[in-house]
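The values are calculated or read from the model by the stated rules, or taken from the named source; none is laboratory data. Just so we're clear, the structure is a prediction, and the values are computed from it rather than from any experiment. As a convention, Cβ positions derive from the backbone with ideal geometry for all residues, glycine included, and neighbour counts pool all protein chains shown.
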Amino acid sequence: MMTKIDNEILSRISKGENSLFSEIVNEFKDKAFSLAFRILKNAQDAEDSLQEAFIRLYNALKNNSYKAESKFSTYVYSIVYNTAVEFYRKINSKSFSVISIDITEARYTDGDELLRNYQDINERQEISEIIKRYINNIPQQYSVILTMYFINELTLKEIADMLEMPVGTVKNRIFRAKEKLRELLLRDYSAEELKLYA
Amino acid sequence: METQNNNIDNFLESGIKDSLNMETRSRFTESVMDKIQLQERYKREEAKTGKFVKRISFAVISVIGLASVIITAVLSGAGSSDTVDNTIAESYNSGIFNLFQKIYDFLGNGNPLLAILSLMGFVIIVAAYFLIDRKIFRNG
């Protein structure tokens, strides 16, 4: 991932140039918000958790806790993830785990409700609406991993390390989520039609 | 066929990305920076207060220590006096005299090496205190 944040900026922040931290916030805020939102499922909670995450990141940089052993972006997203999970526990009084809560297929295999009432919208828009609904309805165990992979641009290994699960499981969830979406769309659209929009 | 599948795959991935992508409110960065500034100000205030409290504690402990030494010397001086003093003032005077006599003996007539070591120890303790204090203040 290309990032404007380099070691020079990090070093200057740790030496006291606090205002430079806003560059880090600007660089990561939206992608990090996408991740926090997928965990907390509420924009306000996600923003609160993200603010807390950035303050933790700032303190970590001031204390020279970041050792450049991992990519800086991975470090940022791991703080964002852990903070959001803590918020989730506080808000819901239960633990959040992308591993322990298993997915009942029925929760999202039936996509019929996602495919209705689109007659008035053009087809491309219709498809993107279906995808949006699908993403908003799949369990967090999938959407969090998809966000880490597609939005935060973390590698399968980085995601597996962060979530403490095997790389194979991460890969499998990404594959299954994509396949399910493909199946869903192919119910109403032919491959030819989809190809047209691709 | 494979190309077609790849195209659909790319289309699905781009659709997933669009759906997952979200944006924070417009003043999010400012809000974070305000909180950080507030935290920094609070830390500075806390460090100042901490330093003040530490100095006061040091002063109080020093006064108590010094007073203990003086009182001990006064009482021991009063007890060991050849003459029996009945008044508190006389007892105090003789105690103070004994205290200074002991200091004089220690520095002048006692073991000079022990005296030098004691003085150096005292200087090191004071220097260490100020060094640690400054470090904590700066980090705080």
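Let's see how each residue does on (1) at pLDDT below 85; (2) more than 28 Å from residue A:36 (Cβ to Cβ); (3) small (Gly, Ala, Ser):
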site	(1), (2), (3)
A:107	yes, no, no
A:117	yes, yes, no
A:145	no, no, no
A:156	no, no, no
A:159	no, no, no
A:162	no, no, no
A:166	no, no, no
A:173	no, no, no
A:190	yes, yes, yes
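Please state which one of A:78, A:70, A:65 is among the polar types (S, T, N, Q), closer than 20 Å to residue A:158 by Cβ and in a helix (DSSP H, G or I).
Values: A:70 fails: in a helix (DSSP H, G or I); A:65 fails: in a helix (DSSP H, G or I).
A:78 is the lone residue from the list that is among the polar types (S, T, N, Q), closer than 20 Å to residue A:158 by Cβ and in a helix (DSSP H, G or I).
Output yes when any residue across segment A:9-22 is within 21 Å of the chain's Cα centre (by Cα) and either over 21 Å from residue B:22 (Cβ atoms) or among the aliphatic types (A, V, I, L, M) (or both), and no when none is.
The initial filter retains those residues of segment A:9-22 that are within 21 Å of the chain's Cα centre (by Cα), namely none.
No: zero hits.
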Hits in segment A:34-55 - residues which are within 25 Å of residue B:42 (Cβ to Cβ) and either within 8 Å of chain B (Cβ to nearest Cβ) or aromatic (Phe, Trp, Tyr) (or both)
A:47, A:50, A:51, A:54, A:55
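Scanning for something among the aromatic types (Phe, Trp, Tyr) and within 16 Å of residue A:151 (Cβ to Cβ), does segment A:9-27 turn up at least one residue?
Of all residues in segment A:9-27, those among the aromatic types (Phe, Trp, Tyr) come to A:21.
Retained after the next criterion (residues that are within 16 Å of residue A:151 (Cβ to Cβ)): none.
No, because not a single residue in segment A:9-27 is among the aromatic types (Phe, Trp, Tyr) and within 16 Å of residue A:151 (Cβ to Cβ).
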Within segment A:161-177, residues being touching a helix residue (DSSP H, G or I) at 6+ places or on another chain (Cβ under 6 Å), within 14 Å of chain B (Cβ to nearest Cβ) and either of a type outside the set (Val, Ile, Thr) or over 19 Å from residue A:74 (Cβ atoms) (or both) number 2
Pair list, Cβ under 6 Å, 6 or more apart: segment B:30-49 residue closer than 19 Å to residue A:13 by Cβ and within 12 Å of chain A (Cβ to nearest Cβ), other residue of a type in the set (S, T, N, Q) and surrounded by 12 or more Cβ atoms within 10 Å (Cβ to Cβ)
B:32/A:51; B:33/A:22
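Among the residues in segment A:51-63, are any of a type in the set (D, E, K, R) and surrounded by 21 or more Cβ atoms within 10 Å (Cβ to Cβ)?
Checked segment A:51-63: no residue is of a type in the set (D, E, K, R) and surrounded by 21 or more Cβ atoms within 10 Å (Cβ to Cβ).
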Quick check on residue A:90: is it more than 12 Å from chain B (Cβ to nearest Cβ) and without any contact (Cβ under 8 Å) to a residue 24 or more places away in the chain?
yes
Where residues in segment A:132-143 are facing chain B (nearest Cβ under 10 Å), farther than 16 Å from residue A:36 by Cβ and surrounded by fewer than 19 Cβ atoms within 10 Å (Cβ to Cβ), which of them is nearest to the chain's Cα centre (by Cα)?
A:132
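Evaluate segment B:20-27: report whether one residue or more is at pLDDT 90 or above and more than 8 Å from chain A (Cβ to nearest Cβ).
Looking only at segment B:20-27, we keep the residues that are at pLDDT 90 or above, and these are B:20-24, B:27.
Now narrow it down to the ones that are more than 8 Å from chain A (Cβ to nearest Cβ): B:27.
Checked against the condition, which is being at pLDDT 90 or above and more than 8 Å from chain A (Cβ to nearest Cβ), segment B:20-27 yields at least one hit.
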May I ask you to list pairs of residues, at least six apart or on different chains, whose Cβ atoms are under 6 Å apart, with the first in segment A:123-136 being in contact (Cβ under 8 Å) with a residue 24 or more places away in the chain and the second being hydroxyl-bearing (Ser, Thr, Tyr) and crowded, with 21+ Cβ neighbours inside 10 Å?
A:131/B:19
Restrict the check to segment A:31-43 and report whether at least one residue is surrounded by fewer than 22 Cβ atoms within 10 Å (Cβ to Cβ), in a helix (DSSP H, G or I), of a type outside the set (A, V, I, L, M) and without any contact (Cβ under 8 Å) to a residue 24 or more places away in the chain.
no
When residue A:62 is run through (1) within 13 Å of another protein chain (Cβ to nearest Cβ); (2) farther than 20 Å from residue A:6 by Cβ; (3) modelled with pLDDT under 95, the failure sits at (2)
